[in-house]
Amino acid sequence: MLLDNGWRAQVHARLASTNDAARACALAGDPGRLWIVADEQLAGRGRHGRAWSSPPGNLYASALLIDPCDSALAPQLGFVAGVALARAVEDLGAPDVKLKWPNDLVWRGAKLAGLLVEGAATPGRGLACIVGVGVNCASAPAGLAYPVSSLAAVLGRPVAPHELLSLLAARFDQAIGLWRRGPGFSQIRSQWLERAAGLGAPIRVAGPRGPCEGVFETLDASGRLLLRGPRGLEAIEAGDVFFIPPAAPDAPPN
């Protein structure tokens, strides 16, 4: 299946994981600019190997890029994809969508989508980068420790996965062109910050060095979260962000 701007798409009824299928294509010599799409995943995953519920009706897709940049810049692709996904969902008419550092799309604090960037070495062809996207189009998983929602609930109408994929593929191609293998990251960063969830507000970050709290000030030039806390300004490279609700106002005196 051909998409715009020289991208291709392979659509499957069922896969274990679109990221794993994209990795297999890379190792088999695929030239990249390929989307792997599944109606259903049997072993979908998010960051840190967390299971990703993947019933039919939602979008499960992975973009394969061959030698898109130096390996040190590959994490920037998560921000490139985040901007592209936010713009695609905005194209559908969804209001108030935000990007939650480092890899989620949220609406009024509820998670709509997640991103997973992985790499694979391809002998003689450089680094293969795989950008996995999972979007709650029709349904959202139940029983999670954080709020979730779906595009159908946000828009009040059904959203077919192929409708979103068409918009996402176009927006991702535009964002890749703006990024230019790294030199355009400042523009991607600016677009990401325009949609940043929790910017300027207190947050909690659970990271490898333990939890910390502070005010989310901005992203640095490489995409690290800058947190202003009791120890001053800290650059956070990895972690899970939790929003801190504002304190209830004091009751008026009797």
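Every read-out reported here was derived from the displayed coordinates using simple, explicitly stated rules and does not represent laboratory data. This structure is a prediction, so every number in the text was calculated from the model and none was measured. For neighbour counting, all protein chains shown are included, and Cβ atoms are generated from backbone atoms with ideal geometry for every residue, glycine included.
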**Prompt:** Over the Cα atoms of segment 202-243, Rg to Rh with Kirkwood Rh, two decimal places?
**Reply:** 0.91
**Contact order normalised by residue count of segment 4-194, Cα under 8 Å, 6+ apart, percent** = 22
**Item:** the chain - mean residue ellipticity at 222 nm from DSSP helices (-39,500 (n - 2.57) per run, n ≥ 4, rounded to 500)
**Value:** -7500 deg cm²/dmol
**Request:** Compute the distance in nm between two label points, each set 7 Å from the Cα along the Cα-to-Cβ direction, one at Ala142 and one at Gln187.
**Result:** 4.6
**Request:** Give me the distance in nm between label points sitting 7 Å out from Cα along the Cα-to-Cβ direction at Thr218 and Arg14, one decimal.
**Result:** 5.0
**Request:** Give the value in nm², to one decimal: projected area of the alpha carbon convex hull of the chain, averaged over all directions.
**Result:** 15.8
